[in-house]
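**Student:** For reference, the structure I am asking about is given below.
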Amino acid sequence: MADNSLAPAPFSSRSSAMAIFGRNWAVFFLLVMVVVFIFTGKNFLALANLQTIIYSATTSLLLAFAETFVIIARGIDLSVGYVMGFSTIVCAGVIRDLYATQFGVHWPAGVAIALGIVAGLVASLACGLASGILISRFRVPPFIATLGVLGVAYGFTLHASDGGFPIAFLPNVLTEIGNGYVYYYNPVLHAYSFFAPPAGTTGPQIKELVRLFPNALILTLVFLVLLWHLLKNTRFGQHTYAIGGSMDAAVRAGIDTRRHLVQVYVLSALLAGLAGIIWVFQTGQGNFVPMGSNLELFAIAAVIIGGASLNGGKGRIMSTLIGVFIISIMANGLTLTGVETFWRFIATGVILIVAIVVDQLFPDLL
Amino acid sequence: MGYLLEVRNIVKRFGGLTAVNNVSMGVAAGEVVGLLGDNGAGKSTLIKVVSGVHRADEGKVLFQDREVDIGSPMDALAMGIETIYQDLALAENLNTPANIFLGREKMKKALGILNVLDHEYMHEESRQVLEKLDILIPSLRNKIRALSGGQRQAVAISRSIYWDAKFLIMDEPTAALGVAEQKKVLDLVNRLKSHGIGVIVISHQMHDVFSVADRLVIMRRGEKVAELVTKDTNADEVVSLIVGAETVRK
Amino acid sequence: MTRKSGFATFVGQRWAVLFLCLEVVVFSIVGQGFFSLNGVQIVLFYGTSLFLLATAETFVIVTGGIDLSVGFVMGFSAVISARLVAAMVLAGMTPLTAIILAIIATLAIGLLPGLLSGFLVGRLKVTSFLATFATGGIVYGISLLLSGGGETKGVPDLANVIGNSYFLYWARGKGFSIFTRPEVARGTRVIEILPSMLVITAVVVIVAAFVLNRTRFGRHTYAIGGNEDAAVRAGINIRRHYLVIYALSAFFATLAGIIYMLEYITGKPDAGTSFLLDSIVGVVIGGASLYGGAGTVWGTILGCLILSVLETGLRMAGVPTFDKFIAVGLILILAVLIDQFFPELIHKED
């Protein structure tokens, strides 16, 4: 018996009050941070800024959700940032090649985009399958397997983009969707419309437009609900927790752990690939997210700050959401407060340490 | 005969080493048999043949008077042969119902289409099976991590009973427990008898075996050296059989 | 496993060496000027940062941890040393004094991130992955702060002279000279042997190999990686040991950053980021186990040579360098797969 030293802690009302605070420190921290930024940052509460936060957190959220499943299953996926980059380039490349006339056929934008999305997802699926099979069948440690896949994906990305050049000349409809809003209101014309500014909106009026609910928000909510459901209410989620808690227990309970692990890494890669596709929609080009931006590390940090453990078996979608918002609101608020962006790295590092230490002080029993 | 589970002439070799050599034994329903032997005597190997971890090189396994082929732990589970391992195989990060239903979760339809876990059903069923076996767990919502060793053991046993185990193999059930908890687990084993379940207990603790087992099977160096009725023997005789009579005579 | 054929065993045990030989042969055929004194020196020169970071990583990996901060610490020390040199020169010091003082100060400052990681891992029992990631983030932020995100200017040219000097020069008629380039007539060829920075790296690596292999400290490092509980019971002060291990790792990374500053007379926060992947791959190819308890400095150097030869060879053969990443990823996977199929040959696990 390796670790039975974790003696059952007696529950007293005082310690459980402390424990509730300890286990939910991230929520309190987020609230305090928001309050501080409301008072110190310019326009932090402005509608536009709040929507900016959501908009820019979309891809981080997907990567962190991907990492949540993997970390609960007691793994780690170092490749998410690069799989995202790979999917971005593949998606944008396919759209450009089909949309442009260079092959003699000029595909309609819609078809080109649809095929681009499929191509991006297939590329990321391949990465996930590779990681999953290496980890489950060949028992390669997740750290190494995903590091290897990272290298390969990065190489292919550079190859496909001639060394990292952005893929441009994509249809404009991409950004119209990616940066669009669900609801527009033109106060001059007293007209409203969905998904596009009301007809007859003139150039000067664009500034006056009231935009509500970025498309990114809707997508984020859809994935939030879907993945929350998957983790909380399905066999897949339950087995993910079981595998992370005790691989032995899962195997003996008859769970096909190999297949399950492959599914977890495929899910992770697909979510990363989706983030890459959304990145194409948001930027209107295939701009590879460069090395050094450490997307996977921020994703892992968000999951851990949310209260998951690298020892597996715990973590929640809603906690990850809080972790991501702590990091992205901090970045946003610091920028508005006039503090330079490098504090993001320092602050993330410090919060991460706090998260881990708090986690050790309040073991998760309930 | 009337055995619930019977093994006949089992031989299991690992390379040049014969771990189990021509061993036969049987356990009736509602009977507890203690399997004794020194380290390396072949107890675990024999048990693993029954629980599907190893496949015997020779011999056969009969369950409910029919010859069965147990190719994997899953086959054994499907027949109702459950093994309670020393490390219990519980997911410590999940609560009691989740562990009892692990791998066999009960689903329900939500909104008419979505298949979701039926947490309430699993909670209620778990409560009932624990009640049936007189097991006290403070709160079913607590993670296994918050339970004591004896409580964990009880959860593992109730899981087997809930899933209609007809035969239980218990590997060192009291090894990691305090004295009070040992007694509770042994009481639980005695209660299992009254539910008509056949049990094999492997243990080093002579006291345990004598307090629950109806019969004793003793192995040494891969062979069965004796089969005794518990009330007709005593600890000294058993010990001398375990270590080998020659050693004792010296 | 007695049944494995002699040939498979032979290949399995020595696959890294054989792979390196194969690489050398292939690139000698396809690469322009690969098989030459110059080619070898380019391979080794490119390798200096990698050798140092991978040696740092070896110590940590042998304890069963991982250090994600080595690349960031390297960038950190490149920025700090460049800033210090520039500031001291501005304050009126001679370039030589400034460089020497800055190096000493940077070596001291560079220990801090290692001490932080070591404290987190040893005292607070934080997983090394997260501890060093947090440290790395903090250090990277400070580097960005100090450098303003760009390159640091104002490092005297003397740094470049030192950074790109050679240990030995040979010219016809002048014989050998140490450290100083002989004065020769225009057009006369001077043969340059052993870059100075490579000599420094080699000395450090040899000392590191000795420490890990031959000292009590090294034994304890393996003991902790093999079984931390056993190490504690044997009376090893693991808190202090982790502190020293991560400080040592930071020391090697700091040295790599200083060498970077001397070679490129600038410091930038990203100086080392691209080496993180390579350094871990180098250690793993070298036969270390991420579960701890196994790995040697020489194995690591062999692993790094494979990567360094690959990088240089591909470049000389005219292959776009980004294909290197595909190759590195595949080699890494190959290394662990071989480790799976010949575990009893490479290191013993239960």
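The values are calculated or read from the model by the stated rules, or taken from the named source; none is laboratory data. All figures in this text were calculated on a predicted structure; none of them were measured in a lab. Cβ coordinates were reconstructed from backbone atoms using ideal geometry, including for glycine residues, and neighbour counts include every protein chain displayed. These area figures cover heavy atoms from the full protein model, side chains too; ligands, DNA and RNA do not enter into them. Shrake-Rupley method; radii C 1.70, N 1.55, O 1.52, S 1.80 Å.
**Student:** Only residues in the range B:205-228 that are open to solvent by 50 Å² or more (accessible area, probe 1.4 Å) count as the first member; pair them with residues that are basic (Lys, Arg), Cβ under 9 angstrom, at least 6 apart or cross-chain, and list the lot.
**Tutor:** B:Ser211/B:Lys183; B:Asp214/B:Lys193; B:Asp214/B:Lys231; B:Glu227/B:Arg215
**Student:** Something else: Could you list, in sequence order, all residues of the range B:166-196 that are in a loop (DSSP other than H, G, I, E, B), touching a strand residue (DSSP E or B) at 6+ places or on another chain (Cβ under 7 Å) and open to solvent by less than 10 Å² (accessible area, probe 1.4 Å)?
**Tutor:** Answer for the range B:166-196, where residues must be in a loop (DSSP other than H, G, I, E, B), touching a strand residue (DSSP E or B) at 6+ places or on another chain (Cβ under 7 Å) and open to solvent by less than 10 Å² (accessible area, probe 1.4 Å): just B:Pro173.
**Student:** Scan the range C:115-174 for residues that are away from chain A (no Cβ under 14 Å) and basic (Lys, Arg) and report the count.
**Tutor:** Of the residues in the range C:115-174, 3 are away from chain A (no Cβ under 14 Å) and basic (Lys, Arg).
**Student:** Would you check if there is a residue in the range A:253-272 being in contact with a Ser or Thr (Cβ under 6 Å, 6 or more places away or on another chain), at pLDDT below 95, within 11 Å of chain B (Cβ to nearest Cβ) and within 24 Å of A:Leu134 (Cβ to Cβ)?
**Tutor:** Among the residues of the range A:253-272, not one is in contact with a Ser or Thr (Cβ under 6 Å, 6 or more places away or on another chain), at pLDDT below 95, within 11 Å of chain B (Cβ to nearest Cβ) and within 24 Å of A:Leu134 (Cβ to Cβ), which makes the answer no.
**Student:** When the range C:108-138 is examined, which residues are found to be over 26 Å from A:Leu361 (Cα atoms) and crowded, with 17+ Cβ neighbours inside 10 Å?
**Tutor:** We begin by selecting, within the range C:108-138, every residue over 26 Å from A:Leu361 (Cα atoms); these are C:108-111.
C:Gly110, C:Leu111, listed by residue number.
Per-residue answers, yes or no, for (1) touching a Ser or Thr at 6+ places or on another chain (Cβ under 7 Å); (2) within 14 Å of chain C (Cβ to nearest Cβ); (3) part of a helix (DSSP H, G or I):
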position	(1), (2), (3)
A:Ala114	no, no, yes
A:Val118	no, no, yes
A:Val122	no, no, yes
A:Ala130	no, yes, yes
A:Val149	yes, yes, yes
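**Student:** Separate question: Can you tell me which of (1) aliphatic (A, V, I, L, M); (2) open to solvent by 30 Å² or more (accessible area, probe 1.4 Å); (3) touching a residue at least 24 places away in the same chain (Cβ under 8 Å) is the one C:Leu84 doesn't meet?
**Tutor:** (3)
**Student:** If a residue must be of a type outside the set (Val, Ile, Thr) and surrounded by 17 or more Cβ atoms within 10 Å (Cβ to Cβ), how many such residues does the range B:1-27 contain?
**Tutor:** 9
**Student:** Among C:Leu337, C:Leu302, C:Leu276, which is surrounded by fewer than 24 Cβ atoms within 10 Å (Cβ to Cβ) and within 8 Å of chain A (Cβ to nearest Cβ)?
**Tutor:** Only one candidate qualifies: C:Leu337.
**Student:** Name the residue that is modelled with the lowest pLDDT, counting only residues in the range C:10-51 that are assigned to a helix (DSSP H, G or I) and of a type in the set (Gly, Ala, Ser). Write out each step before concluding.
**Tutor:** First pass over the range C:10-51, keeping only residues assigned to a helix (DSSP H, G or I): C:10-30, C:37-51.
Next, from what is left, pick out any that are of a type in the set (Gly, Ala, Ser): C:12, C:16, C:28, C:39, C:47, C:49.
Values: C:Gly12: 65, C:Ala16: 82, C:Ser28: 84, C:Gly39: 80, C:Gly47: 86, C:Ser49: 91.
Per the stated criteria, the residue is C:Gly12.
**Student:** How many of the residues in the range C:179-213 are over 24 Å from C:Tyr46 (Cα atoms), in contact with a Ser or Thr (Cβ under 8 Å, 6 or more places away or on another chain) and surrounded by 15 or more Cβ atoms within 10 Å (Cβ to Cβ)?
**Tutor:** 1
**Student:** Then there is this: Just one of (1) open to solvent by 30 Å² or more (accessible area, probe 1.4 Å); (2) more than 23 Å from the chain's Cα centre (by Cα); (3) modelled with pLDDT of 80 or more; (4) not β-branched (Val, Ile, Thr) trips up C:Pro156, so point out which.
**Tutor:** Of (1) open to solvent by 30 Å² or more (accessible area, probe 1.4 Å); (2) more than 23 Å from the chain's Cα centre (by Cα); (3) modelled with pLDDT of 80 or more; (4) not β-branched (Val, Ile, Thr), only one is false for C:Pro156: (1).
**Student:** Sticking with this one: From A:Gly110, A:Gly155, which residue is surrounded by fewer than 24 Cβ atoms within 10 Å (Cβ to Cβ), out of contact with any strand residue (DSSP E or B) (no Cβ under 6 Å at 6 or more places or on another chain), within 14 Å of another protein chain (Cβ to nearest Cβ) and over 29 Å from A:Thr240 (Cβ atoms)?
**Tutor:** Going through A:Gly110, A:Gly155 in turn, just one is surrounded by fewer than 24 Cβ atoms within 10 Å (Cβ to Cβ), out of contact with any strand residue (DSSP E or B) (no Cβ under 6 Å at 6 or more places or on another chain), within 14 Å of another protein chain (Cβ to nearest Cβ) and over 29 Å from A:Thr240 (Cβ atoms): A:Gly155.
**Student:** Turning to a different aspect of this structure: Looking only at residues in the range B:140-152 that are over 21 Å from the mean Cα position of the chain (by Cα) and within 11 Å of chain A (Cβ to nearest Cβ), which one is surrounded by the fewest Cβ atoms within 10 Å (Cβ to Cβ)? Steps first, please.
**Tutor:** Quick first cut of the range B:140-152, residues over 21 Å from the mean Cα position of the chain (by Cα) only: B:140-143, B:145-146.
Now drop any that are not within 11 Å of chain A (Cβ to nearest Cβ), which leaves B:141-143, B:145-146.
Details: B:Arg141: 15, B:Asn142: 17, B:Lys143: 23, B:Arg145: 22, B:Ala146: 23.
Once the filter is applied, the top-ranked residue is B:Arg141.
**Student:** Being more than 27 Å from A:Gln285 (Cα to Cα) and among the aliphatic types (A, V, I, L, M) is the filter here, so list the residues in the range A:48-86 that pass it.
**Tutor:** Matches in the range A:48-86: A:Val70, A:Ile71, A:Ile72, A:Ala73, A:Ile76.
**Student:** Could we say that A:Leu336 is at pLDDT 85 or above, away from every other protein chain (no Cβ under 11 Å) and either open to solvent by 30 Å² or more (accessible area, probe 1.4 Å) or not in a helix (DSSP H, G or I) (or both) here?
**Tutor:** no
**Student:** Taking into account only those residues within the range A:161-192 that are outside any loop (DSSP other than H, G, I, E, B) and crowded, with 19+ Cβ neighbours inside 10 Å, which is farthest from the other protein chains (Cβ to nearest Cβ)? Walk me through how you get there before you give the answer.
**Tutor:** Step one: list which residues in the range A:161-192 are outside any loop (DSSP other than H, G, I, E, B), which gives A:167, A:173-178, A:181-186, A:191-192.
The next check asks that each one be crowded, with 19+ Cβ neighbours inside 10 Å; those that pass are A:167, A:174, A:178, A:181, A:184, A:186.
Working: A:Ile167: 15, A:Leu174: 26, A:Gly178: 27, A:Tyr181: 29, A:Tyr184: 32, A:Asn186: 38 Å.
So the residue we want is A:Asn186.
**Student:** If a residue has to be within 15 Å of B:Asn95 (Cβ to Cβ) and open to solvent by 50 Å² or more (accessible area, probe 1.4 Å) to count, how many in the range A:226-257 make the cut?
**Tutor:** Qualifying residue count for the region: 1.
**Student:** So B:Ile137 clears everything in (1) within 14 Å of chain A (Cβ to nearest Cβ); (2) surrounded by fewer than 18 Cβ atoms within 10 Å (Cβ to Cβ); (3) under 27 Å from B:Phe101 (Cβ atoms); (4) in contact (Cβ under 8 Å) with a residue 24 or more places away in the chain except one condition, right? Which one?
**Tutor:** It fails just one condition, (2).
**Student:** Looking at C:Thr321, C:Thr254, C:Thr266, can you tell me which residue is within 30 Å of C:Ser147 (Cβ to Cβ), more than 11 Å from every other protein chain (Cβ to nearest Cβ) and surrounded by fewer than 23 Cβ atoms within 10 Å (Cβ to Cβ)?
**Tutor:** Matching residue, one of C:Thr321, C:Thr254, C:Thr266: C:Thr266.
**Student:** Failed condition for A:Phe143, given (1) crowded, with 23+ Cβ neighbours inside 10 Å; (2) within 8 Å of chain C (Cβ to nearest Cβ); (3) farther than 21 Å from A:Trp279 by Cα; (4) of a type outside the set (Gly, Ala, Ser), with all others met?
**Tutor:** (1)
**Student:** Which residue is farthest from A:Arg316 (Cα to Cα), if the candidates are limited to the range B:58-107 and must be more than 9 Å from chain A (Cβ to nearest Cβ) and hydroxyl-bearing (Ser, Thr, Tyr)?
**Tutor:** B:Ser72
**Student:** Checking C:Gly64 against (1) surrounded by 22 or more Cβ atoms within 10 Å (Cβ to Cβ); (2) within 13 Å of chain A (Cβ to nearest Cβ); (3) over 23 Å from C:Ile259 (Cα atoms); (4) of a type outside the set (Lys, Arg), only one condition comes out false. Which one?
**Tutor:** So the condition that C:Gly64 fails would be (1).
**Student:** Please pick out the residue among A:His229, A:His239 that is within 14 Å of another protein chain (Cβ to nearest Cβ) and more than 18 Å from the chain's Cα centre (by Cα).
**Tutor:** It is A:His239.
**Student:** Moving on to the next point. Mind listing just one residue for me: the one in the range B:105-134 that is among the hydrophobic types (A, V, I, L, M, F, W, C) and modelled with pLDDT of 85 or more and, of those, surrounded by the fewest Cβ atoms within 10 Å (Cβ to Cβ)?
**Tutor:** Here the residue is B:Met107.
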